[in-house]
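Asker: Following this message is one structure expressed as structure tokens.
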Amino acid sequence: MTSCASPRRPCVSSSSTNAVESGSPLANSPEAIAHGGFAPPVEYKPDVLINNELGWKTEWMGRRLQWNGAIYKEEWKNAQIAIFDPGVTGNLTFSANGGTFEVKGLETSLVARVTPALTVSAGGSYNDSKLTKVAGFNWNDGTPIDFSQFTDANGNPLSTPGGDKGSPLSSSPKSRHWCDPAGAGRSHAGLIGVLDRTSPIVRPRRTRDS
């Protein structure tokens, strides 16, 4: 391409551009053609969450110390998910059932009234989630799709759009700890740091004591 160095002198420029966008194996692969292609599901089932939990709330030392907590196990069946994966399903966005997840964890919190003017609270949680039943997707003729027979640009087998077995829930941190000291009995707007184990940053948040 030739550029114009001076706006006072006439010049001629030209350019040529080639663009390539990878296709979807569900649209243009031999398997897709043999099975009539792929179309997003037109409906999806209701999801079901079964939660079993054992919790406690206790007070100690004349109600100056409070300890709460819970242990839980959840089973999330037919989890409803939104899918957009151009490398697998093409330029499509759709909702579908994403399989079954098992979630196990515990959470606890401690609140201590150290003095009439100082209350300290702290807590933490542990959350372990994994996909136990992979959602199936079918070709238009009803044949189940084997995504492992396809590879990405790096030669790695493709994952099922709903996730591989054992994969965790998205946006679900494994552990989280926090500590929040706050003065009581006076009115002020202060910055209190909340330490989040999922991030190296101390996130400030504004509080106002009553």
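Asker: Quick one: count up the residues across the stretch 107-157 that are among the aliphatic types (A, V, I, L, M) and within 23 Å of the chain's Cα centre (by Cα). Can you show your working first?
Answerer: As a first pass, look at the stretch 107-157 and keep what is among the aliphatic types (A, V, I, L, M): 110-112, 114, 117-118, 120, 122, 131, 134-135, 145, 153.
Adding the requirement that they be within 23 Å of the chain's Cα centre (by Cα) leaves 131, 134-135.
Number satisfying all stated conditions: 3.
Asker: Hey, S210 hits all of (1) modelled with pLDDT of 90 or more; (2) farther than 25 Å from I71 by Cβ but one; which does it fall short on?
Answerer: Of the numbered conditions (1) modelled with pLDDT of 90 or more; (2) farther than 25 Å from I71 by Cβ, the odd one out for S210 is (1).
Asker: Still on this structure, please answer the following. One residue is enough: does the stretch 147-163 have a residue meeting the conditions exposed (fewer than 15 other Cβ atoms within 10 Å of the Cβ) and more than 28 Å from F101 (Cβ to Cβ)?
Answerer: Applying the first criterion (exposed (fewer than 15 other Cβ atoms within 10 Å of the Cβ)) to the stretch 147-163 yields 148-149, 151-157.
Subsequent filtering for residues that are more than 28 Å from F101 (Cβ to Cβ) retains 153, 155.
Yes: the stretch 147-163 contains one or more residues that are exposed (fewer than 15 other Cβ atoms within 10 Å of the Cβ) and more than 28 Å from F101 (Cβ to Cβ).
The values are calculated or read from the model by the stated rules, or taken from the named source; none is laboratory data. If you're wondering where the values come from, they're calculated on a predicted model, not measured in any experiment. In this analysis, Cβ positions are derived from the backbone assuming ideal geometry, glycine residues included, and neighbour counts consider all displayed protein chains.
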